[in-house]
Each structure stands twice: as structure tokens, then as C-alpha cells.
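Read through the structure below, which is laid out as C-alpha cells, and then see the notes.
The values are calculated or read from the model by the stated rules, or taken from the named source; none is laboratory data. If you're wondering where the values come from, they're calculated on a predicted model, not measured in any experiment. Cβ sites come from the backbone with ideal geometry, for glycine too, and all protein chains shown count toward neighbours.
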Amino acid sequence: MKCLNTPHLAAATLFSVLAFSVHAAETGRSKVTAESATVSAEDLAKASERIRQTGEQMRNDLKEGRARLEAQKARQEAEREREAVRARQQAIKEAAAAKEIKQRQALEAAQQAERQRQVAQRAKDEQAAREKAAKALMEARKSSGPKAFADENQNQKEKAARALREARKSSGPKAFDEAGL
């Protein structure tokens, strides 16, 4: 039963407060109008001028605030642009460095391959010279029997000696020392 009486009680309280407020407002309004009548035109002009100045100051403050905000946005945008340019330049430098490293590695690999090819070719040439010298030496040894003084055998010995000299020139004397020739 208390629940049903509560809304009625609240409405009655609200009505009495409202009635009292209206009465107080009418009394206050009559005082304000009495005071308004005593305000001079000069006071109104001063108040109007102050309001106008305050409004003008507020507009100026807003303009300055907007200008500061726009300047800050412009600075931020310029900084973003500078940062983007720096990032692009850094990426270009890194790409160039990576390209240079790859080129250097390719050049080194090519030089290494060329050195290996030259070493292999030298070894092949030395082997061929050794074989040729050994063959000439064997022929010279075969012909050093009783017919050693014959022209034919003499030519073979000269050929063998010539082949031996050529082999030594192309591979050096050490090659024959190692081979035991």
C-alpha cells in the first residue's frame, strides 16, 4: 500500500514546490523590472560596448586558435614528408649497398672461377709437357744403343732434347725435378 501512495505523495510535493517557485519568481521579476527602470542609457551603452569587445576578443581568440592549429598541422605534415623522404633515401641507399655487395660477390666468384680454370689449364699443360718429355726421353734411351751415332738416331735425340727443353720452359725446372726427369 505504501507503493501506491508514493507517487501521489511525490506529485503533491512537486506541485507545492512548483507553486512556491512561481510565486518567488514573480516577486523577483518585479524587483528586476524596478531596478531596470533605474538603469541609465549610459550604463546600457557601456554594457553593450563590453559585450561587443568581449565578442570581438572571442572571435580574435578563435582566429588565433585556428591559425595555431593550422600551423601545427602544416608542421606535422612537413615532418611526415621529411620522414618519408628520409625513409625513401634510406631504402635507396640500402638497395644500392645490397646491389654493390651482390656485384662484388659475383665478381669475386668469377675471378675465383678464372683462377681455378687457369690452375687447371696449367696443370693440364704441365702434364702434357711431362708426357711429351717422357716420351722423347724414352725414345732417346731406346736409340742410345749401337746405332746412337747414326743420323737418324741423332735426329731423334735432338728432338728429345728439344722437347725436354720446351717442357722445362713451359713448366719450369722444378716440375721435372719433382717428376724425377
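Listed values, structure above:
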| read-out | value |
| --- | --- |
| Filter result for the condition that a residue is surrounded by 10 or more Cβ atoms within 10 Å (Cβ to Cβ), small (Gly, Ala, Ser), assigned to a helix (DSSP H, G or I) and at pLDDT 95 or above, over Ala45, Ala74, Ala12 | Ala74 |
| Any hit, segment 111-122, residues being of a type in the set (Lys, Arg), at pLDDT below 80 and in a helix (DSSP H, G or I) | no |
| All positions within segment 89-125 that are under 30 Å from Leu164 (Cα atoms) and not small (Gly, Ala, Ser) | Glu114, Arg115, Gln116, Arg117, Gln118, Val119, Gln121, Arg122, Lys124, Asp125 |
| Of the criteria (1) surrounded by 10 or more Cβ atoms within 10 Å (Cβ to Cβ); (2) at pLDDT below 95, which one Phe149 fails | (1) |
